[in-house]
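The values are calculated or read from the model by the stated rules, or taken from the named source; none is laboratory data. The structure presented is a predicted model; accordingly, all values stated were derived computationally and were not measured. FYI the Cβ positions are ideal-geometry reconstructions off the backbone, even for glycines, and counts take in every protein chain you see.
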Amino acid sequence: MATFETEAIVLKQFDLGESDRLITLYTKENGKVKAVARGARKGNKSRSGLVLPFSHHHFTLYKGRSLAKINHIESIAMNSKLREDLDYMAHASVAAEYIERAGLEFEADQALFSLLAVILEYMNKAEKNELLFYLTVFEAKLLLLLGVKPEIESCTVCGEKINLKGFTAVGVKEGGSICRECLSKAEFDYSDFSLNQMRALYKIIFAKITILKAKQFSEPLTNKLMELTENFLAYHLDLNPKSLSFLYTLRNMNS
């Protein structure tokens, strides 16, 4: 078996047999990798205490025929808060599931890896009322990386430049903005976005995460942006994580 080293984030884990665990990793150099952690269920603390969801490590792996095997782990960031609190876990689970569904096995995408690593770090440090904002930022940047970001500046129907004064119609099926003239000629399923909302959408897609501040985005604005990003991911990429249902149930219970 060939040995390889990689930086990776644990997406999820399952019990395997009486003593092992099957770990799904998203790696920096090799994309999605499924690996066996031998003895992780039977007191092997060097592994059971590290291969936890949302944790970030440097791995040495043996590449088998179907599954890799974990040989050595050096921790980079445990992101413990994301497992210790239900609200944190719910938001982190959505981000991890998006990557699990979008990522390909043994096909590296370092931009996707970096996005997940950074957003989990920010969630782990965030206040509880900031979690939804960081998940929305993650979804918006995921759209950009996967090539389906909303078209903002031009009409997706006729191609004319959009006048951003007043309200702009944004259609998920069309892939972005729809000008008023096109709206008058046919029926579209769309949402109205104000100038400030369009600017906010543009900002969370293109601005560096380091300069984005949750306090600059109200909860209603964040909810509107999140609804759009999730609808885009579901419609254009068929990405609709099951963990979203749990997150919304939890949010309804807390409201």
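Brief remarks on what is shown
- Among the residues of segment 219-247, those that are loosely packed, with under 12 Cβ neighbours inside 10 Å and either free of Cβ contacts under 8 Å to residues at least 60 places away in the same chain or in contact with a strand residue (DSSP E or B) (Cβ under 7 Å, 6 or more places away or on another chain) (or both) comprise Pro220, Asp238, Ser245.
Conditions (1) in contact with a Gly (Cβ under 9 Å, 6 or more places away or on another chain); (2) of a type in the set (Val, Ile, Thr); (3) surrounded by 19 or more Cβ atoms within 10 Å (Cβ to Cβ), marked per residue:
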site	(1), (2), (3)
Asn129	no, no, no
Phe133	no, no, yes
Phe138	no, no, yes
Leu142	no, no, yes
Val148	yes, yes, no
Glu160	no, no, no
Asn163	no, no, no
Phe167	no, no, no
Asn196	no, no, no
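- Output for segment 171-194, where each listed residue is within 18 Å of Lys161 (Cα to Cα) and loosely packed, with under 12 Cβ neighbours inside 10 Å: Glu181, Ser184, Lys185, Asp192
- Residue list for segment 187-216, restricted to those being of a type outside the set (A, V, I, L, M, F, W, C) and under 22 Å from Leu116 (Cβ atoms): Lys203, Lys208, Thr210, Lys213
Conditions (1) assigned by the TED database to the domain that holds Tyr235; (2) free of Cβ contacts under 8 Å to residues at least 12 places away in the same chain; (3) in contact with a helix residue (DSSP H, G or I) (Cβ under 9 Å, 6 or more places away or on another chain); (4) not basic (Lys, Arg), marked per residue:
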site	(1), (2), (3), (4)
Asn71	no, no, no, yes
Asp85	yes, no, yes, yes
Glu97	yes, no, yes, yes
Arg101	yes, no, yes, no
Glu105	yes, no, no, yes
Leu115	yes, no, yes, yes
Glu130	yes, no, yes, yes
Leu144	yes, no, yes, yes
Cys155	yes, no, yes, yes
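- Looking only at segment 71-114, and only at residues there that are assigned to a helix (DSSP H, G or I) and more than 21 Å from Phe246 (Cβ to Cβ), the one that is farthest from the chain's Cα centre (by Cα): Gln110
- Boolean, Val137 is farther than 17 Å from Pro241 by Cα, of a type in the set (A, V, I, L, M, F, W, C) and touching a residue at least 40 places away in the same chain (Cβ under 8 Å): no
- Helices (runs of 4 or more DSSP H) contained entirely in segment 136-255, each with at least 1 residues that are farther than 25 Å from Ala90 by Cβ and modelled with pLDDT under 95: 180-185, 195-206
- Qualifying position, being of a type in the set (A, V, I, L, M, F, W, C) and within 30 Å of Tyr26 (Cα to Cα), among Leu164, Leu183, Leu132: Leu132
- In the condition set (1) among the aromatic types (Phe, Trp, Tyr); (2) on the phi < 0 side of the Ramachandran plot; (3) in the same structural domain as Thr249 (by the TED database), Tyr62 is compliant with all but (3).
- Residue match in segment 106-116 (condition: within 25 Å of Arg251 (Cβ to Cβ), surrounded by fewer than 19 Cβ atoms within 10 Å (Cβ to Cβ) and at pLDDT 95 or above): no
- Thr60 falls short on exactly one of the conditions (1) closer than 22 Å to Asp109 by Cβ; (2) among the hydroxyl-bearing types (Ser, Thr, Tyr); (3) in contact with a Leu (Cβ under 7 Å, 6 or more places away or on another chain), and that condition is (3).
- Which numbered condition Arg65 fails, given (1) without any contact (Cβ under 8 Å) to a residue 12 or more places away in the chain; (2) under 24 Å from the mean Cα position of the chain (by Cα): (2)
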